[in-house]
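Asker: One structure follows; several queries about it will come next.
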Amino acid sequence: MSDHKMHPESLMMSHGYKPALSEGAIKCPIFQTSTFVFQSAEDGKAFFEVAYGLREKGEKEEPGLIYSRLNNPDLQILEERLCLWDEAEECAVFESGMSAISTCLLEFLSPGDVLLFSNPLYGGTDHFIKQTLTRFGIEVMGFYPWEQDQLPELVKRSGKADRIRMIFVETPANPTNTLIGIKACAELARSLSTADRKVLVAVDNTYMGPLWQHPLKLGADLVLYSATKYIGGHSDVIAGACLGSKALIGRVKGLRTFLGCMAGPWTGWLLLRSLETLKARMDIQARNAEQVAAFLANHPKVERVYYLGQLNDPKQQAIYEEQCLSAGAMLSFTVHGGEAEAFRFLNALKLVKLAVSLGSTESLAEHPASMTHAGVDPEERAKLGIAENLVRLSVGVEHPSDLIADLGRALNAI
């Protein structure tokens, strides 16, 4: 057994936690404290030297606890466990997915830099990139999924190639499930990098969670999550995470400290609880989604289904086979008609709840055009396929036959 490598789902029960340090408690307690007592002034000095980057931590030196804005046992253990799924060197957990994304972008982009990003994006990310980053002198340049093959040429023709500092992609895209090739983006980033200026690739992996896609293994530098979704999985916590190399996450944590957007001990504890059932939940959700998608694809009132298990574009299928380990549990579909018909369907749901968010144990449905993506320019929404008759569905852990019955009744209301 000495050379046996444990699976992440097994390590989620104990990795990073020593019961002997917490009165033998089998589960990590909630360390509800703002500050920590030093054993000596010398210890306090040593802890701050490492925390503020004045020196490197010794090979066998344990990082000392100082203040919960810097570190907290719940947060540290959570970050260690989250690294296991993506095989990342380091992780930083935040109080929301948007704080993870905004901190990451602000740390690595400066005035005059160009951010190259994929469309569509989650509405909050889209707003932050277009409305907030640009206020700081950062130029943004979007591209569409159908431009992937021509992206190197488009970048060259833009005249901005030497100023691109980061490529930010969300794949699968919210809400259309469109895939962006992570390996291709990593190759483009390498071609744009110089000896003194590395172009980073950051991937929002929320839709696939840490089980079904591993961007770091595909060449990405940073992977981001709204941990509210699959990682939390119970619609009772807001959190975010950013993972990558020790050097990069060290910088992210540095800015996190001064922005003060770290996750608190309660959030850390709730996510530690959720990680223990992450694989079990996501496996059930993926199986349920496959059955739900098959039902919707054959329903006369459904116009089209957007689901990774039903791709009919060879290029999208090739990307799927290259980087995805599952079709996931997110799907969208258009009903025959417009907003009124989509609303009739949503209002008739009983078991499936009409709410935004995704990845939770309960199934959720929403109307992207008027809800999560309401702030996206209407012409842009139409161009990206976020139509008035589009419904987004996050499939939960309920019995699939009950979900199908509920969806069928609601479709009959159209």
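The values are calculated or read from the model by the stated rules, or taken from the named source; none is laboratory data. Only a predicted model underlies this, so the values are computations on that prediction, with no experimental measurement involved. Reconstructed Cβ throughout: ideal geometry from the backbone, glycine too, with neighbour counts over all protein chains shown.
Conditions tested, residue by residue: (1) among the acidic types (Asp, Glu); (2) under 25 Å from GLY142 (Cα atoms); (3) not assigned by TED's automatic domain parsing to the domain that holds GLU153.
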residue	(1), (2), (3)
LEU200	no, yes, no
TRP212	no, no, no
ASP221	yes, yes, no
LEU248	no, yes, no
ALA263	no, no, no
ASP283	yes, no, yes
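Asker: One residue is enough: does region 137-145 have a residue meeting the conditions among the hydrophobic types (A, V, I, L, M, F, W, C), in contact with a helix residue (DSSP H, G or I) (Cβ under 7 Å, 6 or more places away or on another chain), surrounded by fewer than 18 Cβ atoms within 10 Å (Cβ to Cβ) and assigned to a helix (DSSP H, G or I)?
Answerer: There is no residue in region 137-145 that is among the hydrophobic types (A, V, I, L, M, F, W, C), in contact with a helix residue (DSSP H, G or I) (Cβ under 7 Å, 6 or more places away or on another chain), surrounded by fewer than 18 Cβ atoms within 10 Å (Cβ to Cβ) and assigned to a helix (DSSP H, G or I).
Asker: If you don't mind, there's one more thing I want to ask. Looking only at region 210-236, count every residue that is part of a loop (DSSP other than H, G, I, E, B) and under 16 Å from GLU79 (Cα atoms) and tell me the total. Outline the logic, then answer.
Answerer: First, pick out the residues of region 210-236 that are part of a loop (DSSP other than H, G, I, E, B): 213-214, 219-221, 227, 233-236.
Imposing the further condition that a residue be under 16 Å from GLU79 (Cα atoms) reduces the set to 227.
Residues that pass the stated criteria total 1.
Asker: Next up: Contact list please: Cβ distance under 9 Å, first residue in region 290-319 and closer than 18 Å to GLY396 by Cβ and assigned by TED's automatic domain parsing to the domain that holds THR171, second residue modelled with pLDDT under 95 and of a type in the set (Lys, Arg), pairs at least six apart or on different chains.
Answerer: none
Asker: Which condition does ALA280 not pass, out of (1) assigned to a helix (DSSP H, G or I); (2) farther than 18 Å from ALA51 by Cβ; (3) touching a helix residue (DSSP H, G or I) at 6+ places or on another chain (Cβ under 7 Å), if it passes all the others?
Answerer: (3)
To keep it simple, each residue is scored yes or no on (1) out of contact with any Asp or Glu (no Cβ under 9 Å at 6 or more places or on another chain); (2) assigned by TED's automatic domain parsing to the domain that holds LYS217; (3) touching a residue at least 24 places away in the same chain (Cβ under 8 Å).
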residue	(1), (2), (3)
GLU87	yes, yes, yes
GLU90	no, yes, yes
CYS104	yes, yes, yes
ASP126	no, yes, yes
ILE129	yes, yes, yes
PHE143	yes, yes, yes
GLN150	yes, yes, no
ILE167	yes, yes, yes
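Asker: Take the residues of region 57-69 that are in a loop (DSSP other than H, G, I, E, B), modelled with pLDDT of 85 or more and of a type outside the set (A, V, I, L, M): which is surrounded by the fewest Cβ atoms within 10 Å (Cβ to Cβ)? Break it down stepwise before answering.
Answerer: Residues of region 57-69 that are in a loop (DSSP other than H, G, I, E, B), as a first pass: 57-66, 68-69.
Narrowing further to those that are modelled with pLDDT of 85 or more: 58, 64-66, 68-69.
Add one more test, that the residue is of a type outside the set (A, V, I, L, M), and what stays is 58, 64, 68-69.
Working: GLY58: 9, GLY64: 20, SER68: 21, ARG69: 16.
Taking the candidates together, the pick is GLY58.
Asker: Being at positive phi and at pLDDT 95 or above is the filter here; which residues of region 358-397 pass it?
Answerer: Of the residues in region 358-397, the ones at positive phi are 359, 385.
Hit for region 358-397 is GLY359, nothing else.
Asker: Next question, about the same structure. Within region 326-414, which helices (runs of 4 or more DSSP H) (wholly inside it) include 2 or more residues that are in the same structural domain as GLU303 (by TED's automatic domain parsing) and closer than 15 Å to LYS301 by Cβ? Quick ask: steps written out before the conclusion?
Answerer: Numbers: elements: 339-348, 378-384, 400-411.
In region 326-414, 339-348, 400-411 are the helices (runs of 4 or more DSSP H) which contain 2 or more residues that are in the same structural domain as GLU303 (by TED's automatic domain parsing) and closer than 15 Å to LYS301 by Cβ.
Asker: To continue, here is another question. Pick from region 309-348 the residues that are among the aliphatic types (A, V, I, L, M) and within 19 Å of the chain's Cα centre (by Cα): which of them is farthest from GLN150 (Cα to Cα)?
Answerer: First pass over region 309-348, keeping only residues among the aliphatic types (A, V, I, L, M): 311, 318-319, 325, 327, 329-331, 335, 340, 342, 346, 348.
In the following step, the residues that additionally are within 19 Å of the chain's Cα centre (by Cα) were identified as 319, 325, 327, 329-331.
Details: ILE319: 15, LEU325: 26, ALA327: 26, ALA329: 30, MET330: 28, LEU331: 27 Å.
Filtering first and then ranking leaves ALA329.
Asker: Another question, then. Could you identify the single residue in ASP126, ASP196 that is surrounded by fewer than 18 Cβ atoms within 10 Å (Cβ to Cβ) and at pLDDT below 95?
Answerer: Working: ASP126 fails: surrounded by fewer than 18 Cβ atoms within 10 Å (Cβ to Cβ).
That would be ASP196, the only listed residue that is surrounded by fewer than 18 Cβ atoms within 10 Å (Cβ to Cβ) and at pLDDT below 95.
Asker: Name every residue in region 213-230 that is out of contact with any strand residue (DSSP E or B) (no Cβ under 6 Å at 6 or more places or on another chain) and buried (at least 21 other Cβ atoms within 10 Å of the Cβ), in order of residue number.
Answerer: First, pick out the residues of region 213-230 that are out of contact with any strand residue (DSSP E or B) (no Cβ under 6 Å at 6 or more places or on another chain): 213-214, 217-219, 228-230.
Across region 213-230, the qualifying residues are GLN213, HIS214, THR228, LYS229, TYR230.
Asker: Would a scan of region 166-182 turn up a residue that is among the charged types (D, E, K, R) and either in contact with a Lys or Arg (Cβ under 7 Å, 6 or more places away or on another chain) or more than 17 Å from VAL203 (Cβ to Cβ) (or both)? Working first, answer last.
Answerer: Step one: of region 166-182, the residues among the charged types (D, E, K, R) are 170.
Restricting the remaining residues to those that are either in contact with a Lys or Arg (Cβ under 7 Å, 6 or more places away or on another chain) or more than 17 Å from VAL203 (Cβ to Cβ) (or both) gives none.
No, because not a single residue in region 166-182 is among the charged types (D, E, K, R) and either in contact with a Lys or Arg (Cβ under 7 Å, 6 or more places away or on another chain) or more than 17 Å from VAL203 (Cβ to Cβ) (or both).
Asker: Can you name the number of the only condition in (1) in contact (Cβ under 8 Å) with a residue 60 or more places away in the chain; (2) surrounded by 19 or more Cβ atoms within 10 Å (Cβ to Cβ) that LYS183 fails?
Answerer: (2)
Asker: It is to be established whether one or more residues within region 215-234 are of a type in the set (S, T, N, Q) and more than 13 Å from SER96 (Cα to Cα). Working first, answer last.
Answerer: Kept after step one, since they are of a type in the set (S, T, N, Q), are these residues of region 215-234: 226, 228.
Within this subset, residues satisfying the condition of being more than 13 Å from SER96 (Cα to Cα) are none.
Scanning region 215-234, I find no residue that is of a type in the set (S, T, N, Q) and more than 13 Å from SER96 (Cα to Cα), so the answer is no.
Asker: I would also like to ask the following. Checking LEU75 against (1) crowded, with 22+ Cβ neighbours inside 10 Å; (2) within 16 Å of the chain's Cα centre (by Cα); (3) under 19 Å from MET262 (Cβ atoms), which single condition isn't satisfied?
Answerer: (2)
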